[in-house]
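Visitor: Sharing a structure here in structure tokens format.
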Amino acid sequence: MKETAESGEQRVESVERAFAILEAFADGRPRMPLAELAQRTGLYRSTILRLAASLDRCGYLRRDDDGQFRLGPSLLRLGALYQSAFSLADSVRPILRELADELGETAAFYVRDRDKRICLYRVNSSRIVRSHVEEGAELPLDRGASARILVAYTDGHGPFYEKIRQSGVYISQGERDPDTAAVAVPVFGSHQKIVGALGVTGPRNRFTKEFCKKMIEVLTQKGKILSRTISGQ
């Protein structure tokens, strides 16, 4: 077993290579031959066979009689344990706190419920003049940044929503309230299915062009982090 240190982090190459073999199935391909595994991972066939033997003994990989590889039952067991222990709130709330602290505006996470959007979690801004959103509040789905995001990635059709999907972000200026502005991005779960919308809202006069640009950068980064956490990728 070879250990290497990069950027102050200790790495075990054999473990990372074993994980690379499992990650080769991340796109949903159920079975694949040795040649394709080698192509996807960049590993030598001999290396794959050696690591596959260990993964097979532990139930993480199986090789069928025709030589094709597939994921093993131990991953299902771990997946079930992860789901039972996973709390959406524990993942979302820290991100919202980071957004509120960094941007100084109210941060919230919305989900769609038929023709409404629900504020599932929120962290209000500490500023005196702010946008205050209550958890559990029902808001319309036809206006507002998070609403546009939720519709765009569910059943939204036409050039308007196509543009939102292409940009991956939406800025609303006075759509729901004339004095309020908001910026939102999508959060995805497994198979790139939208889970909710991550947004920041506040007084419209503070949402300048430069500030919106900063919010888009921060929200996009946090949205990707949250998507990776939720999807397990």
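The values are calculated or read from the model by the stated rules, or taken from the named source; none is laboratory data. This one's a predicted model, so the numbers in the text were calculated from it and none came from an experiment. Note: ideal-geometry Cβ built from the backbone for every residue, glycine included; neighbour counts use all protein chains shown. Ligands, DNA and RNA are excluded from the accessible area calculation, which covers all protein heavy atoms including side chains. Shrake-Rupley method; radii C 1.70, N 1.55, O 1.52, S 1.80 Å.
Visitor: If only one of 37, 75 is among the hydrophobic types (A, V, I, L, M, F, W, C), open to solvent by less than 50 Å² (accessible area, probe 1.4 Å) and in contact (Cβ under 8 Å) with a residue 12 or more places away in the chain, which one is it?
Guide: Step by step, each of 37, 75 is checked, and only 37 is among the hydrophobic types (A, V, I, L, M, F, W, C), open to solvent by less than 50 Å² (accessible area, probe 1.4 Å) and in contact (Cβ under 8 Å) with a residue 12 or more places away in the chain.
Visitor: Filter the stretch 163-195 down to the residues that are within 20 Å of residue 119 (Cβ to Cβ) and small (Gly, Ala, Ser) and list them by number.
Guide: Selection gives 172, 174, 181, 182, 184, 189.
Visitor: Tell me which residues, restricted to the stretch 154-175, are buried (at least 18 other Cβ atoms within 10 Å of the Cβ) and over 15 Å from residue 219 (Cβ atoms).
Guide: Of everything in the stretch 154-175, those that are buried (at least 18 other Cβ atoms within 10 Å of the Cβ) and over 15 Å from residue 219 (Cβ atoms) turn out to be 161, 175.
Visitor: Moving on. Can you find a residue that is closer than 26 Å to residue 27 by Cβ, of a type outside the set (Lys, Arg) and either in contact with a Gly (Cβ under 9 Å, 6 or more places away or on another chain) or modelled with pLDDT under 95 (or both) anywhere in the stretch 121-136?
Guide: No: zero hits.
Visitor: Can you tell me which residue among 127, 143, 122 is of a type outside the set (Ser, Thr, Tyr), assigned to a loop (DSSP other than H, G, I, E, B) and under 16 Å from residue 200 (Cβ atoms)?
Guide: Residue meeting the stated conditions: 127.
Visitor: Which numbered condition trips up residue 201, out of (1) closer than 15 Å to residue 110 by Cβ; (2) not in a strand (DSSP E or B)?
Guide: (2)
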